[in-house]
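S.K.: Before anything else, here's the structure in question.
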Amino acid sequence: MKLRNKFIALLSVATMLTLSACGGNTNTANQNNNTQATQTEQKATEQKSTEQKASEQKTQDGKRVVIDTLGELTVPQESKRIATTAAAHWTSVALLGASDKLVALEEGYGKNKWVVKKFPQWANLPVVFASNKANMEELLKTEPDLVIYATRYGEDFRKQLEDLKISYICDPKEDENFTFLNRVKAKLVYYGDAIGGISSDIAKEYAKDFDEMYNKINEKTSKLEDSKKKTILAVTSADPITIINGSSIGQEWMTLAGGINVAKDATGDVGTSGRLNVSMEQVLQWNPSYLIVDSKDIKEAIEKDSAWAKIDAVKNKNILIMPKGLMPWGYHGPEEYLMMPFIAKSLQPELFADFDLEKMSKDFYKKYYKIDLDEEDIKYLFSK
């Protein structure tokens, strides 16, 4: 009995010791966990502090940093007074809902009577950019807080802007997926972000619409056999004969539309946007099924010239005129969105029988430029 009681007593002591040991381990584990949590919180606080400092540094003086092809540039939180150095710039600013923020333009505005009619509020704005030169005295009078800069104006002009602490942007930094058509979309998104405010949201909506249009066309034309594709030559001048080769945005919209640019591999003294002069003999060798020209005047000059009469495109009256609105649709501006369905339906009418170009145009200008197109406008756009 005594042994039994002693055993029970020893068992009780052992149990107590075990529980005590377990309790000690639990306390130690809790202490370790608390220490680790504290360290994690300290690191998170340090990281947050570092990020906050970087954020404060990038928004100092009411400005923020954007990444440009020219490097890191500072822009206002939201631009209120914008000066533009090229037609593709002010057409972009207008699309982005910021036309009332324009304070200075380049010479192209006054040359486009349709734009003057649709945007009469710009008529009194000073033209401070012309012939790749800036009138700095007049520019300063407009007190811009953002200049959309074109590199053709040179480094001296850019240096002046920096010395005067005037914010400027040029182009978005290109990535590995660069194409000319993607660049149109990327520019709008970049400009929207740089301008700020509602412009950023409008730019994202444009990019979404642009992608949808591109994909809708590409889905059909990417499956075409070469024998079904139409040969085409883009002509920007009849005298001298100036065409567009493969190093151009024209190459991309011709290919997207189910066309084959006969001048893709043409070489020579290439000017801007892949333009170069060629001989009539070369055009005869190419003998394209379609021509697309920059204006009604070029079309009429070709039709009157007997040398062109042997070309299939001329024989079959397949001479297309590039539509124009705020600027020609096919040259890097926001209206590139409309160029894609125009050239697609022109070259592959059976594939795109459902494309109503007039309705697409009316919807686009209404949505992005707040312009209600009438029949006279349609005639102007399509050179009817």
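S.K.: If you check Glu281 against the conditions, is it under 24 Å from Asn182 (Cβ atoms), of a type outside the set (Ser, Thr, Tyr) and modelled with pLDDT of 95 or more? Lay out the reasoning, then the answer.
M.R.: Numbers: under 24 Å from Asn182 (Cβ atoms): no; of a type outside the set (Ser, Thr, Tyr): yes; modelled with pLDDT of 95 or more: yes.
Considered against the rule, which asks whether it is under 24 Å from Asn182 (Cβ atoms), of a type outside the set (Ser, Thr, Tyr) and modelled with pLDDT of 95 or more, Glu281 comes out as no.
S.K.: Among (1) charged (D, E, K, R); (2) surrounded by 14 or more Cβ atoms within 10 Å (Cβ to Cβ); (3) in contact (Cβ under 8 Å) with a residue 60 or more places away in the chain, there is one condition Glu143 misses while meeting the rest; what is its number?
M.R.: Just one mismatch for Glu143, condition (2).
S.K.: Between Glu336, Glu303, which is at pLDDT 95 or above, more than 27 Å from the chain's Cα centre (by Cα) and not aromatic (Phe, Trp, Tyr)? Steps first, answer last, please.
M.R.: Values: Glu336 fails: more than 27 Å from the chain's Cα centre (by Cα).
Just one listed residue meets the conditions, Glu303.
S.K.: In segment 67-108, how many are surrounded by 18 or more Cβ atoms within 10 Å (Cβ to Cβ) and either aliphatic (A, V, I, L, M) or touching a Phe, Trp or Tyr at 6+ places or on another chain (Cβ under 6 Å) (or both)?
M.R.: Number of matching residues: 20.
S.K.: Which one is surrounded by the fewest Cβ atoms within 10 Å (Cβ to Cβ), of the residues in segment 242-274 that are closer than 18 Å to Arg183 by Cβ and of a type in the set (Val, Ile, Thr)?
M.R.: Thr272
Every residue, every condition in (1) touching a strand residue (DSSP E or B) at 6+ places or on another chain (Cβ under 7 Å); (2) part of a loop (DSSP other than H, G, I, E, B); (3) not charged (D, E, K, R), yes or no:
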position: Leu125; (1), (2), (3): yes, yes, yes
position: Phe129; (1), (2), (3): yes, no, yes
position: Glu138; (1), (2), (3): yes, no, no
position: Phe157; (1), (2), (3): yes, no, yes
position: Phe178; (1), (2), (3): no, yes, yes
position: Leu181; (1), (2), (3): no, no, yes
position: Val184; (1), (2), (3): no, no, yes
position: Val189; (1), (2), (3): no, no, yes
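S.K.: Applying the selection to segment 201-232, what residues are in contact with a strand residue (DSSP E or B) (Cβ under 9 Å, 6 or more places away or on another chain) and either part of a helix (DSSP H, G or I) or within 25 Å of Ser361 (Cβ to Cβ) (or both)? Spell out how you get there, then give the answer.
M.R.: Step one: of segment 201-232, the residues in contact with a strand residue (DSSP E or B) (Cβ under 9 Å, 6 or more places away or on another chain) are 221, 226, 229-232.
Within segment 201-232, Thr221, Asp226, Lys230, Ile232 meet the criteria.
S.K.: Out of everything in segment 197-229 that is under 30 Å from Arg81 (Cβ atoms) and in contact (Cβ under 8 Å) with a residue 60 or more places away in the chain, what residue ends up being surrounded by the most Cβ atoms within 10 Å (Cβ to Cβ)?
M.R.: Taking segment 197-229 first, the residues under 30 Å from Arg81 (Cβ atoms) are 197-210.
Those left that are additionally in contact (Cβ under 8 Å) with a residue 60 or more places away in the chain: 197-199, 202-203, 206, 209-210.
Working: Gly197: 16, Ile198: 13, Ser199: 24, Ile202: 20, Ala203: 26, Tyr206: 23, Asp209: 16, Phe210: 21.
Per the criteria, the residue is Ala203.
S.K.: Condition first: touching a strand residue (DSSP E or B) at 6+ places or on another chain (Cβ under 8 Å) and not β-branched (Val, Ile, Thr). Can you find one or more residues in segment 348-363 that meet it?
M.R.: Taking segment 348-363 as the starting set, the residues that turn out to be touching a strand residue (DSSP E or B) at 6+ places or on another chain (Cβ under 8 Å) are 348.
From what is left, the residues that are not β-branched (Val, Ile, Thr) are 348.
Yes, the conditions are met somewhere in segment 348-363.
S.K.: Also, quick follow-up: Restricted to segment 346-384, and to residues that are closer than 24 Å to Thr221 by Cα and in contact (Cβ under 8 Å) with a residue 40 or more places away in the chain, which residue is surrounded by the most Cβ atoms within 10 Å (Cβ to Cβ)?
M.R.: Result: Leu347.
S.K.: I would also like to ask the following. Among the residues that make up segment 269-276, is at least one of them free of Cβ contacts under 8 Å to residues at least 40 places away in the same chain, charged (D, E, K, R) and more than 24 Å from Lys229 (Cα to Cα)? Reasoning before the result, please.
M.R.: Taking segment 269-276 first, the residues free of Cβ contacts under 8 Å to residues at least 40 places away in the same chain are 269-272, 274-276.
So of that shortlist, the ones also charged (D, E, K, R) come out as 269, 275.
Within this subset, residues satisfying the condition of being more than 24 Å from Lys229 (Cα to Cα) are 269.
Within segment 269-276 (the criterion being free of Cβ contacts under 8 Å to residues at least 40 places away in the same chain, charged (D, E, K, R) and more than 24 Å from Lys229 (Cα to Cα)), the answer is yes, since at least one residue qualifies.
S.K.: Give the residue that is nearest to Leu102 (Cα to Cα), with candidates limited to residues of segment 113-136 that are exposed (fewer than 14 other Cβ atoms within 10 Å of the Cβ) and of a type in the set (Lys, Arg).
M.R.: Lys117
S.K.: Could you check how many residues of segment 275-297 are surrounded by fewer than 22 Cβ atoms within 10 Å (Cβ to Cβ) and within 17 Å of Glu336 (Cβ to Cβ)?
M.R.: Number satisfying all stated conditions: 1.
Yes or no, residue by residue, for (1) of a type in the set (Ser, Thr, Tyr); (2) within 21 Å of the chain's Cα centre (by Cα); (3) not assigned by TED's automatic domain parsing to the domain that holds Leu95:
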residue	(1), (2), (3)
Gly197	no, yes, yes
Lys204	no, yes, yes
Asp209	no, yes, yes
Asp226	no, no, yes
Thr231	yes, no, yes
Ala238	no, no, yes
Asn245	no, no, yes
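S.K.: Same structure again: Just name the residue that is farthest from Phe210 (Cα to Cα) out of those in segment 159-172 that are surrounded by 14 or more Cβ atoms within 10 Å (Cβ to Cβ) and touching a residue at least 24 places away in the same chain (Cβ under 8 Å). Spell out the reasoning first.
M.R.: So in segment 159-172, the residues surrounded by 14 or more Cβ atoms within 10 Å (Cβ to Cβ) come out as 160-161, 166-172.
Cutting the leftovers down to touching a residue at least 24 places away in the same chain (Cβ under 8 Å) gives us 160, 167-172.
Numbers: Gln160: 36, Ser167: 29, Tyr168: 26, Ile169: 23, Cys170: 21, Asp171: 19, Pro172: 17 Å.
Applying the filter and picking the extreme gives Gln160.
The values are calculated or read from the model by the stated rules, or taken from the named source; none is laboratory data. None of the values given here were measured: they were computed from a predicted structure. Positions of Cβ are generated from backbone atoms using ideal geometry, with glycine treated the same way; all protein chains shown enter the neighbour counts.
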